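What follows is a single structure, written as structure tokens, with notes after it.
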Amino acid sequence: MPKIEEKPSPKREAHVSDEKKKEVAELKKLFTEYNTIALVDLTNLPSPQLQIMRKKLDGSLIKVSKKRLIRIALQNLKEKKGIQDFIPHLEKVMPALIFSKDNSFKLSSFLRKNKSKVAAKPGQIAPKDLQINAGPTPFAPGPMIGELGSLGIKATVEEGKIVVKQDAVVVKEGEEVNDKVADLLTKLDIKPMEIGLNLVAAYEDGLILDKDILDFDESLYVDEIKRIAGDAFKLTIGIGYVTKDNIQMLLSKAESEAKSLVDKAGIITNDSVKGMVAKAENEAGNVKNLVKDVPDESKEEKKEEPKKEESLKEQNSTENDEGDEKKMDTTEEIPTAEELAEKKKLKEEEETNKENLEEKKEEEKAPSVHELAEKKEETKTDDVPSIHELVEKKKDNDQGGQ
């Protein structure tokens with residue numbers, strides 16, 4: 001019996017509808033035309049919100065398609081470097097693609113600003129760690145303390161209200177929100193969920209940028225740029241590097257330094273002479289004030305002398321008038337230097353006149369030289385005997401002895 005050879009049956013190819021082929025071709029074309037492509041998650045996004053975002057994204061295109069078709073289009077797109085790295089990000093999302101002419105960071109900022117906060121619902125996936133912050137709550141003591149404790153939240157009662165003692169994470173990022181957590185977050189008016197297009201990753205210039213890179217605080221970035229620009233500007237001023245931005249400040253700085261040098265060196269110019277004159281007048285005023293403040297020792301001594309004279313005068317007055325109980329007023333005004341000088345002058349004149357008077361009296365009492373000579377002559381004539389008289393007297397004496 002002849003042997004019958006079995007021919008292999010032709011391999012059946014999976015049937016792909018023309019509509020799906022057309023969809024893949026359109027995706028490949030869009031991937032090629034646009035430089036920035038963002039993958040977003042439509043989970044829990046209401047249809048009206050998606051339509052609103054389509055209108056707001058003017059100049060960009062939102063394309064909603066199935067994961068499998070997007071994956072096929074990416075796998076067959078060999079000419080675009082790195083685009084296949086989008087494929088792992090398709091897992092666990094309800095995908096939509098945004099084709100844009102803007103850069104990835106600008107697109108991410110727009111999507112972030114156009115989200116609205118809503119309460120969490122049971123079964124939703126937490127987009128980030130859901131946390132109950134420490135602080136007072138609006139609840140009075142009661143069953144709420146038990147609800148908080150069942151979720152691992154430490155609470156106490158202060159001033160009639162329940163107070164959460166420390167921060168507590170009730171659902172971690174990527175985990176499902178259960179009924180208890182959803183109910184507690186609603187009671188505490190915490191709205192952790194956001195309605196909008198949730199950016200998962202973006203492709204630009206051959207690189208895949210995930211949401212952690214794209215989600216940043218723009219204000220901090222702008223402040224940092226301003227700080228760097230300010231430091232660079234200060235550096236150009238410090239080293240004297242001239243630019244169109246700092247030329248005015250450099251000229252002002254040079255002028256100020258030149259004026260300072262002129263003032264210190266005492267160089268006279270048309271601009272500095274007024275300032276130098278004003279400075280000299282100011283210094284002269286200071287010297288004048290200092291001279292006024294220095295005490296005059298000669299005046300102090302003159303003030304002490306009249307005080308002593310007044311004291312002696314008061315003492316003499318008291319001794320001469322024993323019955324007089326009046327005393328000189330110790331608060332008597334101290335005479336001025338001119339009055340003291342005048343008084344001293346009068347006293348000196350009085351003493352001089354007194355001395356002249358005494359000398360005059362002495363002159364009247366004392367005989368002149370002529371008078372003294374005559375008196376002496378008289379004395380000689382009366383008292384001293386002559387030789388003849390002495391001889392006669394001796395003879396008489398001799399005769400009487402006989």
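Read the figures in this text as sums done on the coordinates, not as results from a lab. Predicted, not measured: the structure shown is a model, and the values here were computed from it. Please note: Cβ atoms are built from the backbone with ideal geometry, for glycine as well, and neighbour counts cover all protein chains shown.
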Under the Karplus curve 6.51 cos²θ - 1.76 cosθ + 1.60, θ = phi - 60°, whole-Hz ³J(HN,Hα) for the range 219-227, x wherever Gly or Pro sits
4, 5, 5, 5, 4, 5, 5, 4, 4
Average Cα contact separation per residue, the range 121-193, under 8 Å, 6 or more apart, as relative contact order %
45 percent
Taking a label point 7 Å from the Cα of LYS253 along the Cα→Cβ vector, which residues of the range 218-242 have an amide N closer than 20 Å to it?
226-242
Can you classify the range 63-113 as rounded, prolate or oblate using the Cα gyration tensor, where a ≥ b ≥ c are the square roots of its eigenvalues, rounded means a/c under 1.5, and otherwise it's prolate if a/b beats b/c and oblate if not?
oblate
Debye intensity ratio I(q)/I(0), log10, the range 217-294, q values 0.23 Å⁻¹ (C-alpha model):
-1.02
Rounded to whole angstrom, the alpha-carbon centroid of the range 182-213 lies from that of the range 121-157 at a distance of 22 Å
At a Förster radius of 51 Å, what calculated FRET efficiency corresponds to the Cβ-Cβ distance of MET94 and ASP223, to the nearest 0.05?
0.90
Please give the length that would be gained between LYS244 and LYS121 if that part of the chain were fully extended, namely 0.36 nm times their separation in residues minus their C-alpha to C-alpha distance (nm, one decimal).
38.4 nm
Tabulate in residue order the Karplus-calculated ³J(HN,Hα) for the range 26-41, using 6.51 cos²θ - 1.76 cosθ + 1.60 with θ = phi - 60°, rounded to whole Hz; enter x for Gly and Pro.
5, 4, 4, 5, 5, 4, 7, 6, 9, 7, 10, 10, 10, 9, 10, 9
Multiply the residue separation of LEU357 and VAL157 by 0.36 nm, subtract the distance between their alpha-carbon atoms, and state the gained length in nm to one decimal.
60.5 nm
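Report, in listed order, any pair from LYS115/LYS211; LYS22/LYS66; LYS92/LYS121; LYS121/LYS165; LYS63/LYS191 with a Cα-Cα distance greater than 20 Å.
The pairs that break the limit, which is 20 Å between Cα atoms, are LYS121/LYS165; LYS63/LYS191.
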Theoretical gain in end-to-end length, GLU342 to SER17 [0.36 nm per residue, Cα-Cα removed]
103.2 nm
Just to be sure I understand the curve: with the Debye formula and one point per C-alpha of the range 121-193, what is log10 I(q)/I(0) at q = 0.14, 0.23 Å⁻¹?
-0.40, -1.02
Counting only residues 5 or more places away or on other chains, whose amide H sits under 5 Å from the amide H of LEU42 once H atoms are built in the peptide plane?
MET94, ALA96
Dividing the alpha-carbon radius of gyration of the range 158-273 by 2.2 N^0.38 Å (N being the number of residues), what value is obtained?
2.23
Counting only residues 5 or more apart in sequence or on a different chain, those whose built amide H sits under 5 Å from that of GLU194 are VAL118
Which ³J(HN,Hα) values, rounded to whole Hz and listed in residue order, are derived for the range 195-204 from phi using the Karplus coefficients 6.51, -1.76 and 1.60 in 6.51 cos²θ - 1.76 cosθ + 1.60 with θ = phi - 60°, glycine and proline given as x?
9, x, 8, 7, 6, 9, 6, 9, 10, 7
Compute the distance in nm between two label points, each set 7 Å from the Cα along the Cα-to-Cβ direction, one at ASP263 and one at LYS80.
6.7 nm
